[in-house]
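The values are calculated or read from the model by the stated rules, or taken from the named source; none is laboratory data. Because the structure is a prediction, the values reported are computed rather than measured. Cβ: placed from backbone, ideal geometry, glycine included. Neighbour counts: every protein chain shown. Ligands, DNA and RNA are stripped out before the accessible areas are found, and what is left, the full protein with its side chains, is counted by its heavy atoms. Shrake-Rupley method; radii C 1.70, N 1.55, O 1.52, S 1.80 Å.
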Amino acid sequence: MYKSYCRIYQNVFYVFAHFLPWREPELLQGKNSLNELPRLIKSNGINRLLIVTDKVIVSIGLMDGLLNGLSEEGIDYIIYDETVPNPTINNIEEAVQLYNVNQCKGIIAFGGGSPMDCAKGVGARVARPQKSIPQMKGIFKVLKKIPPLFAVPTTSGTGSEATIAAVITDSKTYDKYAINDLSLIPQVAVLDPMLTVNMPQHITSTTGMDALTHAVEAFIGRSNTQKTKQYSREAVRLIFENLYEVYANGKNLLAREKMQKASFLAGLAFTRAYVGYAHAIAHTLGGFYAAPHGLVNAIVLPYVLEFYGESAHKPLAELADLAKLSVSSETLEQKVERFIAAIKNLNKGMGIPDKVDFIVESDIPLMVKRALAEGNPLYPVPKIMSNKDMTKIYYSIMK
């Protein structure tokens, strides 16, 4: 009965989604494309901005060129750089106050997924000042236009520059959840590979695996469209061709550019087709232990794909063929085994472990409850997990 309810919910939502006004951000892409952003912002009549970022970005001077460009265009700005990994409600409230006090007219999100999620949260609060972040948890609870949002990703993984989601952590309850609304899709996304060439290896690897998780979970789910399948296929191909290369040779600008494209396409895919249990589990581990999202996704993904079994064999075999990991004479099961093994080998080659060492056993029941609440009934996964199934995954990934 429970599984039937989940499937009915997903099918109704899938039909409903076809009538929504989906859109994609305007793209500035290619080497030094960031230089075009100040002029574009000026052309939109915006003369005062909030820039949401973090202290690392500021300390290494990655924004200096942008700040000079904004000044040359006569655009005033205020910087909020207190964003933490797994951004909190407190981060958003502090940034909202800066936005309001300085009478800003737009927002630049500059950094990885955390600044982008924080900036989206700011936009939601500005649009709905009478609603708290917890009150906007879930689907379509913003429902008002947010200030113009310009997303400048400095990693290749989160895809937040293309999505309807902002993932927020409540530091009091350790709950990590998403606000999902079409209004949160950025107006403009800047894909400038120059911003990623000095990304550390461990960030390159884990954010790249985050993008792979997005693409795979979107592709094997049951709410795909022709477009999302196309986006997922292209993202998976690009990641298998380029991720290890950018990990080993970070200065390869062409490979960096292709990874940015893969991350963006994976974002487009999952914002419409959704993700799966790997993300539900990763969100709990991020909320409880501040674990890096991409790292946990990379570790969890093979376990979840193995759980799906035959229910995901056909799409995973297609991805194995696409990534040139299989041969035509193999069975579907053999191709899937190769695909999952390739994920494990990619992790191993980039120094990503196959288990985590920070899970507190007494936390598992609550994490299982929250992961299932996130995943069911919303995520159109190939096979629905029970409490027992989910608990087994948590124990499997414990070192």
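Mind listing just one residue for me: the one in segment 350-368 that is in contact with a Ser or Thr (Cβ under 9 Å, 6 or more places away or on another chain) and assigned to a helix (DSSP H, G or I) and, of those, nearest to Y277 (Cα to Cα)?
In this case the residue turns out to be V368.
Can you pull out the residues in segment 143-164 that are touching a Leu at 6+ places or on another chain (Cβ under 7 Å) and closer than 12 Å to I179 by Cα?
Once the filter is applied, which keeps residues that are touching a Leu at 6+ places or on another chain (Cβ under 7 Å) and closer than 12 Å to I179 by Cα, segment 143-164 yields only I164.
Is it fair to say E217 is surrounded by fewer than 21 Cβ atoms within 10 Å (Cβ to Cβ) and of a type in the set (D, E)?
So E217 fails the test.
Of the residues in segment 359-391, how many are basic (K, R) and touching a residue at least 24 places away in the same chain (Cβ under 8 Å)?
Number of matching residues: 2.
Of everything in segment 226-282 that's in contact (Cβ under 8 Å) with a residue 24 or more places away in the chain and assigned to a loop (DSSP other than H, G, I, E, B), which residue is nearest to F13 (Cα to Cα)?
Y274
Among the residues that make up segment 194-203, is at least one of them within 30 Å of D363 (Cα to Cα) and open to solvent by 10 Å² or more (accessible area, probe 1.4 Å)?
There is at least one residue in segment 194-203 that is within 30 Å of D363 (Cα to Cα) and open to solvent by 10 Å² or more (accessible area, probe 1.4 Å).
Against the conditions (1) in a helix (DSSP H, G or I); (2) of a type in the set (G, A, S); (3) open to solvent by 10 Å² or more (accessible area, probe 1.4 Å); (4) farther than 22 Å from I107 by Cβ, where does S223 fall short? Just the number, please.
Evaluating S223 over (1) in a helix (DSSP H, G or I); (2) of a type in the set (G, A, S); (3) open to solvent by 10 Å² or more (accessible area, probe 1.4 Å); (4) farther than 22 Å from I107 by Cβ leaves (1) as the failure.
Taking only pairs six or more apart or across chains, which ones have beta-carbon atoms under 7 Å, a first residue in segment 10-33 that is in contact (Cβ under 8 Å) with a residue 12 or more places away in the chain, and a second residue that is among the β-branched types (V, I, T) and surrounded by 11 or more Cβ atoms within 10 Å (Cβ to Cβ)?
Pairs that qualify, where the first residue is in contact (Cβ under 8 Å) with a residue 12 or more places away in the chain and the partner is among the β-branched types (V, I, T) and surrounded by 11 or more Cβ atoms within 10 Å (Cβ to Cβ), are R23/I185; P25/I185; P25/V188; E26/V188; L28/V188; L28/V190; S33/V190.
Taking segment 16-75 on its own, how many of its residues are among the hydrophobic types (A, V, I, L, M, F, W, C), open to solvent by 90 Å² or more (accessible area, probe 1.4 Å) and part of a helix (DSSP H, G or I)?
2
How many residues does segment 369-392 contain that are in contact with a helix residue (DSSP H, G or I) (Cβ under 7 Å, 6 or more places away or on another chain), open to solvent by 10 Å² or more (accessible area, probe 1.4 Å) and assigned to a helix (DSSP H, G or I)?
6
What are the residues in segment 106-132 that are out of contact with any Ser or Thr (no Cβ under 9 Å at 6 or more places or on another chain), without any contact (Cβ under 8 Å) to a residue 60 or more places away in the chain and either farther than 19 Å from Y177 by Cα or buried (at least 20 other Cβ atoms within 10 Å of the Cβ) (or both), if any?
I107, G121, V126, P129, Q130
Which members of segment 137-163 meet the condition of being within 25 Å of F16 (Cβ to Cβ) and either free of Cβ contacts under 8 Å to residues at least 40 places away in the same chain or in a loop (DSSP other than H, G, I, E, B) (or both)?
Result: K137, F140, K141, V142, L143, K144, K145, I146, G159, T163.
Counting just the residues of segment 318-349 that are in a helix (DSSP H, G or I) and of a type in the set (S, T, N, Q), which one comes out nearest to G286 (Cα to Cα)?
Among them, the one singled out is N347.
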